[in-house]
Amino acid sequence: MTVLMQQTTTALNGQADAMVPETAVITRIQYEAPDIATYTLSFTDDHIREQYQFLPGQFNMLYLPGIGEVAISISSDPGQPGTLLHTIREAGNVTGALAKLKKGATIGVRGPYGSAWPVESAEGKDLIIVGGGIGLAPLRPAIYHVIRHREKYGKVTILSGAREPGDLLYPDEYDAWREHGIEVIVTVDRADKNWRGNVGVVPMMFYKMRPDGRKTVIFTCGPEIMMRFVVYEALARRIPKERIFVSLERNMKCAVGFCGHCQYGPFFLCKEGPVLSYDRVEPFFSVEEF
Amino acid sequence: MLADKLRQNPWFKVLKPAHFQKLVEIATEVTWSEGQTIFREGDQHDYLYLIVEGRVALEKYVPNQGQITILTLGENDLFGWSGVMPVIGTRTTGARAVQPTVAIGFDSRRLREISEADHDLGYFIFRRLTNVIAGRLSATRLQLLNMYSQSTE
Amino acid sequence: MTNSIPMPGKHIVIAKDALQTLFSTLQAANYTLVGPTVREEAIVYEEIGQMDDLPVGWTDEQGPGTYRLEEAGDGRYFNYVVGPHSWKKFLYPPKLTLFSAQQNGDGVEFTANKESPQYAFIGVRGCELAAIAIQDRIFLEGQVTDPHYKKRRERAFILAVNCTQPGETCFCVSMQTGPKVKNGFDLSLTELDESFLLEIGSELGGEMLADCDWRPAGSYELNQSRQLMLDAEMRMGRSLDTADLPEILLDNLDHPRWDEVAERCLSCMNCTLVCPTCFCSDVQDVSDLTGGKTERVRVWDSCFNPDFSHVHGGNLRPNIRARYRQWLTHKLASWEAQFGTLGCVGCGRCITWCPVGIDLTEEAAAIRGGQS
Ligand SMILES: Cc1cc2nc3c(=O)[nH]c(=O)nc-3n(C[C@H](O)[C@H](O)[C@H](O)COP(=O)(O)OP(=O)(O)OC[C@H]3O[C@@H](n4cnc5c(N)ncnc54)[C@H](O)[C@@H]3O)c2cc1C
Ligand code: SF4
Ligand code: SF4
């Protein structure tokens, strides 16, 4: 069995001090759902704007002076690092304040941080990408990467779930993804009569697929409970633990392994994570309050 | 023709010919047009259905919210199991075709009868139903948790 | 007595009051002296001016949950056990401005904090040197370095002290960090009856002695110092069996002992604050009221703080059981995978300063003893 290697990059940061952000301007705001919007950011510094690169699955720290800083995944195409997108759900203080910002506002950005989806070592394999709710955001760069190199992958299935139809992320893009020979299965937890698609929790959709355990790789991000059930369904289909990748989330203050908040057993989720293969997190995955 | 359709189902492939034959005898093919109601919550049971193609929504009526879809089912999925379970007897949800749908219906009362008469076949049928119910239960629990309101990335 | 510059590796002897000459030389070289001094019924580390500020004739009695300062009246300078402070308060300050943000028109400008004080640490124990080496791994030896720690660390002068006074809660022998200091100092000192025996650890250490009268150490002093170290080793109040400890702890995340300790632990954070290796922090924004300027301030945080694990929607470790387990398994297990060493140096502070006397050596032993 081949073990997939994970890629990481160090933060590209003009300042010698990793905690000091760069400035970036919000150039576009696109509403995705009642409490979710995608922000296009452009670094103020030309050099940084041109040099900036990231891997799918990595995140940035976004800073609002006087309010605070949050970890937000990059949701755009790694092949076009000049257009930097973040899809953000209003959840509390900082994300709430972000939601009030208008086009043209300046914020602080530092990154990219963290591990990436192993898109390269997944080449030649079938790929199932499972995103629940806002969890599809960190997966979208991987989807763009796969589309860009479609011939390098076998069967590709995207499973997108949300609570209600109106909460689905990026629904306008599903057809475009399908055009690249990707199966897109969409499901919601509940819906009214007007919804003609699937209703049922994300892990149930595994019954609609016949993955070949010998050559399937899974990337999943979403609520931890959802990921746990996705893992069970995947294991039941003989997909090896080493080929199931989850993206975990913990409180993060520094993103460079100093603040201690994101620890998950031996891992700092800002460095070794957020993307980890299931065999590495298994000992802790079901431990309560870990 | 109906027997052929049944035989294609991965599930019936493993049946002994005699058992298979007994199931074919109580099976009928049904089709529903888009939007057609299949049964309502509280109806007396009649059939257990296996979907051949199409999509069916299981619905519950919630005052002030109308019919809420709680689960959709497609090819090779079973529904209408409550009719086969003696203690339940009535439909626990409503069912509606959201697409033109073809299914095979098994007479619930006769399913119970052939299970009683031949416990090997009965075991096969009830194991299958138990699996379906277990899967639904587990999914329902997850649905109940309302996981998207929890922390997500 | 001579006064030239002794070479690294050399052992020399100075009269006790010659330490003041060293202090003056350090001050003349722009060092801020920080060292032990008596303050509010404890021996703490603060800025000091001269020898007299040291806790001359003072010692302390420690036990789980107790600390009592005592007058020994022996005129000794370093005859105490480590207190509630550690050197991390200087290298990794409890509160530090990382940068400031200035609003100008539509934009905003960030300016890093570049201040870099130059400290001379007086009286660093073996366990404390080991703690500094551990924090070096965290802040200096990863992919990213902390510039604030780096500057302070690189500029620091270290006068270490061989520990002749282990306490009731000490177990540096188990952790192999003391009582004798091994390396990583500019000068190390052993307090003898009549004099100080010094070992030169660096060229800088030697240079700072240029104005002192010294003579090479004789076998009398060297033997006396060796004897003191042997005695100290025998007087450890505690011990910790570290064999396979990381595996044992991580294999027992649901051990009933976690419930028992959770009944006692107050989640007060004392243990993490006094621990010389604990490094968790939070970052806060402090804005001036006229608006426009914000300072981004890093402050010590603790895994015992309920908000430590906050994610929107709640805290991931709402119960003390999970927080204590996080602390202990980090210190004595995960730390090894993260930094190639355990996160404990055996200084005993967390035992002494725990208001209810929880003893990590006892907790670890209980889990080892009753593996589930
Ligand atoms: C690696 C990673 C990637 C993420 N990607 C996205 C994304 O693409 N889109 C998105 O909408 N959200 C994402 N999140 C979650 C996002 O960071 C939180 O929703 C956000 O921090 C909430 O902050 P708040 O100030 O609005 O909420 P409050 O509840 O007011 O939180 C206060 C502070 O606690 C910390 N905090 C709270 N919740 C979280 C959390 N879930 N994770 C980490 N720190 C938290 C933050 O420092 C925050 O400022 C990601 C989190 C991580 C760890
Ligand atoms: S855990 Fe306790 S004994 Fe170990 S270094 Fe920290 S304070 Fe000292
Ligand atoms: S172990 Fe003791 S010092 Fe640490 S948080 Fe609990 S009560 Fe406080």
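Values in this text are rule-based calculations from the coordinates and carry no lab data. Note that the coordinates shown come from a computational prediction; the quantities given were computed from them, not determined experimentally. Reconstructed Cβ throughout: ideal geometry from the backbone, glycine too, with neighbour counts over all protein chains shown.
Values computed for the structure shown
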read-out: Euclidean distance between Cα centres, the range C:332-372 to the range A:115-160, Å; value: 42 Å
read-out: Relative contact order [Cα under 8 Å, 6+ residues apart], chain C, whole percent; value: 23 percent
read-out: Förster-model FRET efficiency, 25 Å R0, B:Glu29 and B:Ile68, C-beta, rounded to 0.05; value: 0.25
read-out: Fraction of the pair-distance distribution of the range B:26-93 above 19 Å, Cα-Cα pairs, percent; value: 34 percent
read-out: Estimated inter-spin distance, A:Glu289 and C:Ser287, nm [label 7 Å along Cα→Cβ]; value: 3.5 nm
read-out: Mean ellipticity per residue at 222 nm, deg cm²/dmol - from DSSP H runs of n ≥ 4 across chain C, formula -39500 (n - 2.57); value: -8000 deg cm²/dmol
read-out: C-alpha center-to-center spacing [the range A:213-290, the range A:66-84] in angstrom; value: 21 Å
read-out: Compactness of the range C:285-367 as Cα Rg over 2.2 N^0.38 Å, two decimals; value: 1.45
read-out: Under Karplus coefficients 6.51, -1.76 and 1.60, residue-wise ³J(HN,Hα) of the range A:137-143 in Hz, glycine/proline x; value: 4, x, 8, 4, x, 5, 4
read-out: Full-extension gain in nm, C:Met7 to C:Glu70, via 0.36 nm per residue minus C-alpha separation; value: 18.9 nm
read-out: Fewest-first sequence of A:Ser73, C:Ser86, C:Ser309, B:Ser33 by Cβ atoms within 10 Å of each Cβ; value: B:Ser33, C:Ser309, C:Ser86, A:Ser73
read-out: With eigenvalues of the C-alpha gyration tensor scaled by 5 and rooted, the range B:25-153, Å; value: 26, 18, 14
read-out: Diffusion coefficient, µm² s⁻¹, Stokes-Einstein with Kirkwood Rh over alpha-carbon pairs of the range C:1-127 at 25 °C and 0.890 mPa s; value: 139 µm²/s
read-out: Dimensionless Rg/Rh of chain C - Kirkwood Rh, Rg from C-alpha atoms; value: 1.00
read-out: Over 19 Å between alpha carbons, listed pairs A:Lys152/A:Lys241; C:Lys88/C:Lys151; A:Lys208/B:Lys60; value: A:Lys152/A:Lys241; A:Lys208/B:Lys60
read-out: Alpha-carbon centroids, the range C:238-288 and the range C:1-46: separation in whole Å; value: 35 Å
read-out: Computed lengthening from B:Gln8 to B:Ile133, 0.36 nm per intervening residue step minus Cα-Cα distance; value: 42.7 nm
read-out: Spin-label model distance (nm) - C:Glu247 vs C:Glu61, 7 Å beyond Cα toward Cβ; value: 4.3 nm
read-out: Principal semi-axes in Å for chain A [√(5λ), Cα gyration tensor, largest first]; value: 29, 22, 19
read-out: Sorted by Cβ density within 10 Å, fewest first, the residues C:Cys170, A:Cys259; value: A:Cys259, C:Cys170
read-out: Long-range amide H partners of C:Phe99 with built H, under 5 Å; value: C:Asn113, C:Arg296
read-out: Shielding of A:184-197 by partner chains, average beta-carbon count, 10 Å; value: 5
read-out: Over 21 Å [Cα-Cα, the range C:39-193], rounded percent; value: 53 percent
read-out: Contact order normalised by residue count of the range A:126-281, Cα under 8 Å, 6+ apart, percent; value: 21 percent
read-out: Two-site FRET efficiency, B:Gln44 against A:Asp175, from Cβ-Cβ distance with R₀ of 41 Å, rounded to 0.05; value: 0.45
read-out: Excluding exposed DSSP-loop GluC sites (Glu not before Pro) (at most 13 other C-beta within 10 Å), longest clean stretch of chain C; value: C:195-372
read-out: Projected label distance in nm at A:Arg150 and A:Ala236, using a 7 Å step from Cα toward the beta-carbon; value: 3.2 nm
read-out: Chain A - mean residue ellipticity at 222 nm from DSSP helices (-39,500 (n - 2.57) per run, n ≥ 4, rounded to 500); value: -4500 deg cm²/dmol
read-out: Tail beyond 41 Å, pair distance distribution of the protein assembly as shown (Cα, percent); value: 48 percent
read-out: For the range C:42-52, 3J(HN,Hα) per residue [Karplus equation, 6.51 cos²θ - 1.76 cosθ + 1.60, θ = phi - 60°, Hz, x = Gly/Pro]; value: 8, 9, 10, 9, 9, 5, 10, x, 9, 3, 5
read-out: 10 Å Cβ neighbours from other chains, averaged over peptide A:224-237; value: 2
read-out: Normalised contact order of chain A, rounded percent, pairs of Cα under 8 Å and 6 or more residues apart; value: 17 percent
read-out: Ranking of C:Met51, B:Met85, C:Met208, A:Met227 by count of other Cβ atoms within 10 Å, fewest first; value: B:Met85, C:Met51, C:Met208, A:Met227
read-out: Leading residue at positive end of dipole, the protein assembly as shown (Cβ point charges), from C:Gln118, B:Ile51, A:Val130; value: B:Ile51
